[in-house]
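The structure appears below as structure tokens.
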Amino acid sequence: MSRSCLLLAVSLPLLLLALAACSPLTTLNALSPAGDTECVDGVAYGEGPRRKLDIYRPQGARSAAPVVVFFYGGNWVNGARGDYAFVGRALAARGIVTVIADYRLHPEVSYPDFLRDAAQAVAWARREAARYGGDPQRLFVMGHSAGAYNAAMLALDARWLKEQGMAPSELRGWIGLAGPYDFLPIENPTTKPVFHFPNTPRDSQPVHHVSRATPPALLIAARRDKLVAPERNTGQLAALLRAQQVPVRELYYDRVSHTTLVASVAAPLRWLAPTLDDVAAFVLTPGA
């Protein structure tokens with residue numbers, strides 16, 4: 001057995017034990033050291049405790065790096081920016097200034113208020129990125145699950161960024177991990193009140209906003225996702241984007257689930273899928 005295989009055989013049971021013993025996200029953060037990155041946390045982009053964000057950047061960053069604004073999932077009812085430090089550290093270690101934003105959740109708000117929060121966070125990044133070593137001309141949005149929906153709606157539906165004096169064309173691209181892009185009629189009982197079901201507006205669905213003006217996309221899904229059907233969501237959206245001649249890269253991974261797709265960004269789980277490599281390549285490609 002090779003040394004790398006031996007290390008994996010020894011460390012994987014310990015990792016699984018740790019994941020079972022406490023919050024999986026807390027464990028991933030604990031096992032994802034900051035390294036040569038730094039974090040500025042708790043910066044307000046609007047009013048109230050849920051309109052704050054954390055900025056992760058390469059240590060001592062002074063040159064203009066690309067900027068990714070990341071939105072986490074949680075079915076629009078839970079989640080916190082601090083739980084996703086492993087995402088910020090991983091991207092910052094690749095030379096990407098990363099903004100992880102909280103947004104208001106149900107029942108405090110419902111559709112479309114969390115999209116307004118997301119757009120406000122992106123507008124903040126556009127204005128302030130240069131202060132943290134970021135290039136506002138190389139701005140991306142990214143999300144996982146419900147957060148991928150948020151990112152998609154900002155990139156596809158111009159209404160939300162327009163309220164902040166921006167347009168989707170100011171985004172260099174967007175990244176969706178296991179996003180729900182077409183989920184009517186709503187079956188999940190938790191999601192129904194978030195989107196006012198059965199009176200959910202048709203235009204709440206990202207698939208109805210595809211146009212040639214949509215920024216380039218990287219769409220990634222778990223091939224056997226049990227929560228968000230990859231064919232209906234990622235596959236359908238990718239096909240619609242291609243029909244409009246929008247550049248899109250569509251990837252499916254075999255060894256991850258809906259939840260471990262984003263977890264594979266963390267150092268201990270990168271053997272599951274090349275998620276970090278593919279995201280970094282999309283963001284850092286010359287001309288991107």
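The values are calculated or read from the model by the stated rules, or taken from the named source; none is laboratory data. Every value quoted in this text rests on a predicted model; they were computed, and no experiment measured them. Quick reminder, even Gly has a Cβ in these numbers, built from the backbone with ideal geometry, and neighbours come from all protein chains shown.
In the stretch 189-207, how many are more than 18 Å from Glu231 (Cβ to Cβ) and either of a type in the set (Ser, Thr, Tyr) or assigned to a loop (DSSP other than H, G, I, E, B) (or both)?
The number of residues fulfilling the criteria is 11.
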Name the residues in the stretch 90-144 that are closer than 30 Å to Thr191 by Cβ and free of Cβ contacts under 8 Å to residues at least 12 places away in the same chain, would you? Val109, Asp113
Would you say Leu237 is over 18 Å from the mean Cα position of the chain (by Cα), assigned to a helix (DSSP H, G or I) and not aromatic (Phe, Trp, Tyr)? no
Residue among Ile186, Ile220 that is in contact with a helix residue (DSSP H, G or I) (Cβ under 8 Å, 6 or more places away or on another chain) and part of a loop (DSSP other than H, G, I, E, B): Ile186
Of these, Arg172, Arg202, which one is under 18 Å from the mean Cα position of the chain (by Cα) and basic (Lys, Arg)? Arg172
Being within 20 Å of Arg138 (Cα to Cα) and either in contact with a strand residue (DSSP E or B) (Cβ under 8 Å, 6 or more places away or on another chain) or without any contact (Cβ under 8 Å) to a residue 24 or more places away in the chain (or both) is the filter here; which residues of the stretch 202-221 pass it? Pro215, Pro216, Ala217, Leu218, Leu219
Within the stretch 27-52, how many residues turn out to be modelled with pLDDT of 95 or more and assigned to a loop (DSSP other than H, G, I, E, B)? 7
Residue check for Ser63: surrounded by fewer than 18 Cβ atoms within 10 Å (Cβ to Cβ), hydroxyl-bearing (Ser, Thr, Tyr) and at pLDDT 95 or above: no
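Residues are listed down the side, and each one gets a yes or a no for (1) part of a helix (DSSP H, G or I); (2) over 18 Å from the mean Cα position of the chain (by Cα); (3) of a type in the set (Gly, Ala, Ser):
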position	(1), (2), (3)
Arg224	no, yes, no
Ala229	no, no, yes
Asn233	yes, no, no
Val256	no, no, no
Val265	no, no, no
Leu276	yes, no, no
Val279	yes, no, no
